[in-house]
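S.K.: Handing you a structure now.
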Amino acid sequence: MLESFLAAGLLLATPILLAALGELLVERTGVLNIGVEGMMLTGAFVAAVVAEMSADATWGALAGMAAGVGVGGLFAWAALVLGTDQIIVGAAINLLALGGTGALYRALYGTTGAALVLPTLPALPLPGLGAIPGIGPVLAAQNGLVYVGLALVPALAFLFRRTGLGLRLRAIGDHPRAAASLGYGVRRYKIVVLLMAGGLAGLAGATLTLAATNTFVEGVTAGRGFVALAVVVFGRWSPAGVLAGALVFGLVNALQFQLQAASVAVPHQVALMLPYLVTLAVLVAVPGRAAAPRALGANDTDA
Amino acid sequence: MSDVVLEVVDVRKRFGDVVALDGVRLECRRGEIHALLGENGAGKSTLMHVVSGLLSADGGGMRLQGAEVRWRSADEARSAGIAMVHQHFMLVPTMTVSENLALARQVLGMVAPASLDADVRRLAAERGIDVGDPRRCVEELSVGEQQRVEILKALVDVPALLILDEPTAVLTPSEVGDLFALLRELASQGTAIIIVTHKLAEVFAIADRVSVLRRGALVASGPASGFDHDSLAREMVGDQAVDTAGTSAVPPGPERLRARGLRWTSADGRVGLDGVDLEVRGGEIVVVAGVEGNGQQELQSLLSGVRTADVGGEVHVDGRLVASAADARDAGLAIVPADRRRDGLVAEMPLWENLLLGREDLRRAAPRGWLVPSEQSRRARPRLEAFSVRPADPDLPAGALSGGNQQRLVLARELGRDGLSVVIATSPTRGLDLVATRAVHARLRDLARRGAAVLVLSTDLDEVEALAGRVAVLYRGRLGSIEGDAVDRIEIGRRMAGLEGAS
């Protein structure tokens, strides 16, 4: 019972985690991408369509990631090549994704109201994981994207703290002119991390449709992209903070399903609200120094 | 091998209609410190940007150690051995000294903090530059320390030519001494050094050779020993009249500014001001000397009524208590803030709107409650001309002006009014050239002569000397005793550095 609850929590945390880690990467590099929601939604939709057509969830997930990379590229082109304000680009991408996926969904599947049933990402039992006492059983039967998310947490922490490449990205996020004066192509780095963040957001969307809900409905992301944005801020731009925030969201979300299943007399709207409220409350309450990248959102690419 | 490291031949550069460099020649030799002297806008920075590959010239050529070169990027110039220390440091403030140097060394793969620190210590020892604990964050360092990190960064690969753009602008007198000693040591090891400056005294203190630029043209060049103070000043300024009027003593009038027991403790417990008493009489110029960060910002905020309630002490102007910035304005107080871009003007607004940002002026300018832009624009022009703001186009946004002209704009608004009682100016000539500086000083003296109490907060010893009737030194939030007439430059410098006289 507890194990299945925790496993559900971890699964529900994964879309937030993947999207937020991507956002963390671009924000540390100085790009404020508020289009995460739209990137996630696009990934969720494309993953659903390809999984349904190919009857293979893995192809769906890969297609979702590719779609996310595409939207990341669109952001990079508009914000970094054309120099449009990043907030405006992000907002436009959110609206475009919401309208575009909605219209395409209706065109492809009609408006019958019958829910799309999608293949599920298979569990990927990693040898040895199940043997870990306590959390082993929770980890053992998850799909591959959950492992990707969890593995990225220490990987990003290592990248930022222990590699020259990470130093460069942080330097670009904090003082792009200084980075440019050392000969680093500020814009090139930003474009590359945007493509990666788009891919992660696309994967996040794929997790949502192919593992968490197993269907696609219009606006399926339901603000999770914005939760990911909030998790980055309140997680103080650290991978561990992001993981903590995502886990809180996932666990409360799992709890909320349990409440509904147990027919506790709570209006379902309140239950649905719960993960968002608790995540924000916890993140706000955690003490610590805010450490936003100094040149976050600045369109001063310089080089 | 020839001793000439860099030879610039006939370099020309235009920006639109403006000729920034008009056939400039320059020669730098091994082991020589070459001062590049000139007023703001003379073309010093443009020339250095061409040399370091940040800009490409329209004509002319360059030879580096005998070989013809033409930079396509700053990177290319750097790899060829030209290093530049920018006036505004190019350090990442949130990172440690080690991390900043790792960035400069283009490290890409894994980095272990311990080995980075060891690398920095070794490099610092080899180059003879003390940067202290490499694990410290750059933003915790003093400006002088940051500059040493910046210089060490430039020396990662020993450059053939090291360029320093106005390196002393932010340093205390003792830090300037350290810097000059360091530069001499580097030169003795064979590096060619160019130091860009508009301070005459520095030429004689450090340079072997000097070149003077005026309006984009090289007007003089030769060994520094071949010039004296006056001849260099003439070359730099040309036939423009230089106002050298000394202080004409005016008998001090009644006390106009009075501050008692000013205290300031910041949220994190740092003491900004620790019981400052001050009075300035009409007709008097008092200079508060001190290195930035010793309480100037706090003192200016309190005296101008921007902050009052949450800190201790009282400020009176003409006997009236100043409880808000509005009180201060009503009492005829003018403020020239230290950071003109942040506190002095709104870069996006046109000049005429910036001139109106004083409250009384708004009341007078718009008696019916609305402003007619064309009329305001017309009325602004003579005031802009009176303060030599160039270009004097009232509809231009303030951000389009050069730094010196932005300062003139702030001065035009703050000082171009009748009925001023008190003038508080923080570093009013920072970034201004010789002519502009003297014009500002003349205006402050003139205001004092007409009965205003003038208080100048300055970090620049030349300014302290040029202006002062009375000098006080602000160090760690305490105001040292106000001296009599005898202003001893060395003694003031020592006190600014907290060396003695902490009475």
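S.K.: If you take the residues in the stretch A:162-171 that are out of contact with any Asp or Glu (no Cβ under 9 Å at 6 or more places or on another chain) and under 13 Å from residue A:24 (Cβ atoms), which one is nearest to the other protein chains (Cβ to nearest Cβ)?
M.R.: Kept after step one, since they are out of contact with any Asp or Glu (no Cβ under 9 Å at 6 or more places or on another chain), are these residues of the stretch A:162-171: A:162-166, A:168-169.
Still in the list and also under 13 Å from residue A:24 (Cβ atoms): A:166, A:169.
Working: A:166: 8, A:169: 11 Å.
So the residue we want is A:166.
S.K.: If residue A:101 satisfies every condition in (1) within 14 Å of chain B (Cβ to nearest Cβ); (2) in contact with a Ser or Thr (Cβ under 7 Å, 6 or more places away or on another chain); (3) not hydrophobic (A, V, I, L, M, F, W, C) but one, which is the exception?
M.R.: So residue A:101 meets the others, but not (1).
S.K.: List pairs: first in the stretch A:5-18 and without any contact (Cβ under 8 Å) to a residue 40 or more places away in the chain, second surrounded by fewer than 24 Cβ atoms within 10 Å (Cβ to Cβ), Cβ under 9 Å, 6+ apart or cross-chain?
M.R.: Listed by first residue and then by second, the contacts come to nothing, as the list is empty.
Each row is one residue, and each column tells you yes or no for (1) open to solvent by less than 20 Å² (accessible area, probe 1.4 Å); (2) polar (S, T, N, Q).
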position: A:214; (1), (2): no, yes
position: A:224; (1), (2): no, no
position: A:233; (1), (2): no, no
position: A:244; (1), (2): no, no
position: A:249; (1), (2): yes, no
position: A:272; (1), (2): no, no
position: A:278; (1), (2): no, no
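S.K.: Could I ask something else about it? Just the residues that are of a type in the set (Gly, Ala, Ser) and closer than 18 Å to residue A:53 by Cβ, please, taken from the stretch A:104-144. Break it down stepwise before answering.
M.R.: Applying the first criterion (of a type in the set (Gly, Ala, Ser)) to the stretch A:104-144 yields A:107, A:110, A:113-115, A:123, A:128, A:130-131, A:134, A:136, A:140-141, A:144.
If the condition is that a residue be of a type in the set (Gly, Ala, Ser) and closer than 18 Å to residue A:53 by Cβ, then A:107, A:110, A:114, A:115 are the ones that fit.
S.K.: Also, I was wondering about something else. For the stretch B:77-89, give me the residue count where each residue is closer than 13 Å to residue B:152 by Cβ and either touching an Asp or Glu at 6+ places or on another chain (Cβ under 7 Å) or within 10 Å of chain A (Cβ to nearest Cβ) (or both).
M.R.: Step one: filter the stretch B:77-89 for residues closer than 13 Å to residue B:152 by Cβ, giving B:83, B:85, B:89.
Of the ones still in play, those that are also either touching an Asp or Glu at 6+ places or on another chain (Cβ under 7 Å) or within 10 Å of chain A (Cβ to nearest Cβ) (or both) are B:85, B:89.
Adding up the residues that qualify gives 2.
S.K.: Here is a follow-up. Considering only the stretch B:42-76, state which residues are facing another protein chain (nearest Cβ under 9 Å) and among the polar types (S, T, N, Q).
M.R.: B:73
S.K.: Given B:111, B:92, which one is modelled with pLDDT of 90 or more and under 24 Å from residue A:293 (Cβ atoms)? Spell out the reasoning first.
M.R.: Working: B:111 fails: modelled with pLDDT of 90 or more.
Result: B:92 is the single residue among B:111, B:92 that is modelled with pLDDT of 90 or more and under 24 Å from residue A:293 (Cβ atoms).
S.K.: What's the number of the only condition in (1) closer than 24 Å to residue A:57 by Cα; (2) at pLDDT below 95 that residue A:177 fails to meet?
M.R.: (1)
S.K.: Out of the residues in the stretch B:169-215 that are farther than 20 Å from residue B:42 by Cα and touching a Pro at 6+ places or on another chain (Cβ under 8 Å), state the one that is surrounded by the fewest Cβ atoms within 10 Å (Cβ to Cβ).
M.R.: Looking at residues that are farther than 20 Å from residue B:42 by Cα and touching a Pro at 6+ places or on another chain (Cβ under 8 Å), I get B:208.
S.K.: Right, here's the next one. Does residue A:183 qualify as being within 14 Å of chain B (Cβ to nearest Cβ) and outside any helix (DSSP H, G or I)? Walk me through how you get there before you give the answer.
M.R.: Working: within 14 Å of chain B (Cβ to nearest Cβ): yes; outside any helix (DSSP H, G or I): yes.
Yes: the conditions hold for residue A:183.
Residue-wise test of (1) part of a helix (DSSP H, G or I); (2) more than 23 Å from residue A:173 (Cα to Cα).
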site: A:18; (1), (2): yes, no
site: A:34; (1), (2): no, no
site: A:60; (1), (2): yes, yes
site: A:67; (1), (2): yes, yes
site: A:111; (1), (2): no, yes
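S.K.: Condition check: touching a strand residue (DSSP E or B) at 6+ places or on another chain (Cβ under 8 Å), surrounded by 15 or more Cβ atoms within 10 Å (Cβ to Cβ) and in contact (Cβ under 8 Å) with a residue 40 or more places away in the chain. Does residue B:294 satisfy that?
M.R.: Numbers: touching a strand residue (DSSP E or B) at 6+ places or on another chain (Cβ under 8 Å): yes; surrounded by 15 or more Cβ atoms within 10 Å (Cβ to Cβ): yes; in contact (Cβ under 8 Å) with a residue 40 or more places away in the chain: yes.
Yes.
S.K.: For the list (1) outside any loop (DSSP other than H, G, I, E, B); (2) of a type in the set (Asp, Glu); (3) open to solvent by 30 Å² or more (accessible area, probe 1.4 Å), I need the number of the one condition that residue B:133 fails.
M.R.: (1)
S.K.: Could you say which residue among A:155, A:123, A:151 is within 14 Å of another protein chain (Cβ to nearest Cβ) and either more than 30 Å from residue B:54 (Cα to Cα) or open to solvent by less than 30 Å² (accessible area, probe 1.4 Å) (or both)? Spell out the reasoning first.
M.R.: On the way: A:123 fails: within 14 Å of another protein chain (Cβ to nearest Cβ); A:151 fails: within 14 Å of another protein chain (Cβ to nearest Cβ).
From the options A:155, A:123, A:151, the qualifying one is A:155.
S.K.: Of B:258, B:263, which residue is in a strand (DSSP E or B), at pLDDT 90 or above and of a type in the set (Lys, Arg)?
M.R.: Numbers: B:263 fails: at pLDDT 90 or above.
B:258 is the lone residue from the list that is in a strand (DSSP E or B), at pLDDT 90 or above and of a type in the set (Lys, Arg).
S.K.: Of the numbered conditions (1) modelled with pLDDT under 90; (2) over 30 Å from residue B:228 (Cβ atoms); (3) among the aliphatic types (A, V, I, L, M); (4) open to solvent by less than 30 Å² (accessible area, probe 1.4 Å), residue B:103 satisfies every one except a single condition; which is it?
M.R.: With (1) modelled with pLDDT under 90; (2) over 30 Å from residue B:228 (Cβ atoms); (3) among the aliphatic types (A, V, I, L, M); (4) open to solvent by less than 30 Å² (accessible area, probe 1.4 Å) applied to residue B:103, the lone miss is (1).
The values are calculated or read from the model by the stated rules, or taken from the named source; none is laboratory data. Source: prediction; values computed, not measured. Here Cβ is always computed from backbone atoms with ideal geometry, including for glycine, and neighbour counts include all displayed protein chains. The protein model used for the area step is the full one, side chains on, heavy atoms only, and it has no ligands, DNA or RNA in it. Shrake-Rupley method; radii C 1.70, N 1.55, O 1.52, S 1.80 Å.
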